Amino acid sequence: SELIRGFLPSGMPCPSSCPPGLLALMAPGLALLATFSLSSQAGDRRALPVEKPPGVKGRTLILLDVNTKSPVRIISENFLSLQLDPSIIHDGWLDFLRDQSHSFQLQRFFFFSNLEKMAEDLINVRNSVTQRRPFGKDYFLVFMAQEINIVRSDIALDKQKGCKIAQHPDIMLELQREKAAQMHLVLLKEQFSNTYSNLTLTARSLDKLYNFADCSGLHLIFALNALRRNPNNSWNSSNALSLLKYSASKKYNISWELGNEPNNYRTLIGRSVNGSQLGKDYMQLRSLLQLIRTYSRASLYGPNIGRPRKNVIALLEGFLKAAGSAVDAVTWQHYYIDGRVAKVTDFLKTRLLDTLSDQIRKIQQVVNTYTPGKKIWLEGVGATSAGGMNNLSDSYAAGFLWLNTLGLLASRGVDVVVRHSFLDHGHNHLVDQNFNPLPDYWLSLLYKRLIGPKVLAIHVAGLQRKPRPGRVIRDKLRIYAHCTSSHNHNYVRGSITLYIINLHRSRKKIKLAGTLRDKTVHQYLLQPYGKDGLHSRSVQLNGQPLAMLDDGTLPELKPRPLRAGRTLVIPPLTMSFYVVKNVNALACRYR
């Protein structure tokens, strides 16, 4: 899973190089969703079940209150990020991603929550030029170049002073889609045969990649090729050194990683690399960075391991012993299910949703043992592996996994999560190859617009199912709460945002209590649109279908106001956000 990932700083406009509408998603409110718990310690517990036991008839009224005095977690505002698969260089999508107005708008809106600013930026976009703004770059675009070699190009692009949008004729877009479809078949063949071809990254491609990140207001993190090994199995850094020197000569502001899923190196190159050796490789890279003035203080992340099974945990332990002090955050990946065998009903299984919780526990246990206080990133997450499945991992149903992932990671203190992917050769992406938003795009956009970085504890009372001895309660109603994003000027500070996942096949009623009682609520209810139901690749918000109005304009995401004191009715198999206005929550009044 090679990838490019990105995220913008709160309130930071994205210049014209990144697809505007999509960037709205990465908007300022970027941090996280909420946590569902019993007490102020709930951030460390599973969501509380609220089902009624067998044999009980009638509807259950659930009472819900939130601790508004202090947050249980404060997560980085960089929390939600995106990936772009490196195949976009091989199949040509890099040029289209950067140049197409539709794509630019989608990315741009992904990062913004200030509607007035977006309107102002749209004027610039329609004039084909966006002025650069003096904001710092606190969000990242990560490029996993595991099998990529850097080669100088005779025609290297100079860093552009301005960021322009170039429009491609429709015939070029159609040819590009055909080329990408052919490349998709090649990549699938490589994946199933476990034989992979190298991808050569020219200086021109690197220039385009950096220009895309720079014009989008993103900070680029580049993962160097770790598969080049010396006879003694140490890392051969000669290729990386060439890239470092070239990037430094261009004064590119880049952070770094080394390799991707080192637990799979035996499959890729016929030899394994243990944690101790990998740690030495990272220390070698840190030494190289310190020799180059431009990167002497650059950030370094890793080791980006796969699922933390026993052998992978041993690798991580060895790595942290040898190089824990060298990295700024510890990274790993998680894919819920094999995309080749997934079914829509899989996305409704609470047991599947809870698999991530155990992985978080294992990673945190190792990190806290060897490098206490070190930040943790989930740097690669998707509903399915193996590229996903059409009309499944890109459907409404996949959103249950995605939204629960955001809430669970936030509640457990994971600092950054990287979604695979914005656009790639598979079906885990947020937009299709016509740059039309898919369900998870709209879900993520709402999340970024409404959710702030402070996680609040939730208190629930209602009829509950008693767990059998030795079994974990698997709840189908999951509730998270955060302070509403301070960047959303539609709501005053002190407001609270809930989000709710209802996996039941019946509606659920929730009565707001305590500090939330008798407050006006804004509802944002997402449901599938069309006859395909959970398989749908389209969604509706409060009954209105969501779609781009044109190549550069997103629809207005209008809430449905609910009168003060009204019971929340959660339809079956839905996801929803509720902004409780004017709570004046002490935890949310200040940044």
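The values are calculated or read from the model by the stated rules, or taken from the named source; none is laboratory data. In this text, all values refer to a predicted model and were calculated from it rather than measured experimentally. All Cβ positions, glycine included, derive from the backbone under ideal geometry; neighbour counts span all protein chains shown. When the accessible area is computed, the model is the full protein with side chains, heavy atoms only, and any ligands, DNA or RNA have been set aside. Shrake-Rupley method; radii C 1.70, N 1.55, O 1.52, S 1.80 Å.
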In nanometres, what is the gap between the two model label sites at R505 and K531, each 7 Å from Cα along Cα-to-Cβ?
-> 2.2
Show E556, E257, E317 ordered by accessible area, largest first, where the area counts protein heavy atoms only and the probe is 1.4 Å.
-> E556, E317, E257
Neighbour net charge for R537 - beta-carbon separation under 15 angstrom, K R +1, D E -1 | -3
Over the heavy atoms of T369, what accessible area does a 1.4 Å probe trace out, to the nearest 10 Å²?
-> 90
Subtract the Cα-Cα distance of N368 and V492 from 0.36 nm times their separation in residues, and report this length gain in nm to one decimal.
-> 40.9 nm
State whether segment 476-583 is rounded, prolate or oblate according to the following rule on the C-alpha gyration tensor (a ≥ b ≥ c being the square roots of its eigenvalues): a/c under 1.5 gives rounded; otherwise a/b larger than b/c gives prolate, and the remaining case gives oblate.
-> oblate
Once Lys and Arg are counted +1 and Asp and Glu -1 for all other residues with Cβ under 13 Å from that of A314, the total becomes +3
Let me know the shape class of segment 248-307, please: from the alpha-carbon gyration tensor, a ≥ b ≥ c as square roots of the eigenvalues, rounded when a/c is under 1.5, otherwise prolate if a/b is greater than b/c, or oblate.
-> prolate
Mark the label point 7 Å from the Cα of N582 along Cα→Cβ and return the residues of segment 491-518 whose backbone N is within less than 15 Å of it.
-> 491-496, 516-518
If each of L63 and S287 carries a label point 7 Å out from its Cα toward its Cβ, how far apart are those two points in nm?
-> 6.5
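Please list M548, M283, M575 from largest to smallest accessible area, probe radius 1.4 Å, with all protein chains kept in place.
Descending accessible area places them as M283, M548, M575.
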Name the trypsin sites (Lys or Arg not before Pro) in segment 217-317 that are in a loop by DSSP and that have at most 14 other C-beta atoms within 10 Å, would you?
-> K251, R271, R297, R309
Residue span R204 to R266: 0.36 nm per residue of separation minus Cα-Cα distance leaves a gain in nm of 19.2 nm
Residues R563 and K251, FRET efficiency given R0 of 45 Å [Cβ-Cβ distance, rounded to 0.05] | 0.20
Hey, can you find the accessible area per residue of segment 481-591 for me, probe 1.4 Å, expressed in square angstrom?
-> 45
Rough spin-label spacing in nm, given labels placed 7 Å along Cα→Cβ, for S276 and R297 = 3.5
Output the pairs from K245/K374; K208/K374; K69/K581 with a Cα-Cα distance over 25 Å in this structure; if there are none, say none.
-> K245/K374; K208/K374
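Please report the carbon-and-sulfur percent of the accessible area for segment 219-329; probe 1.4 Å, protein heavy atoms only, DNA, RNA and ligands left out.
Roughly 44 percent, rounded to a whole number.
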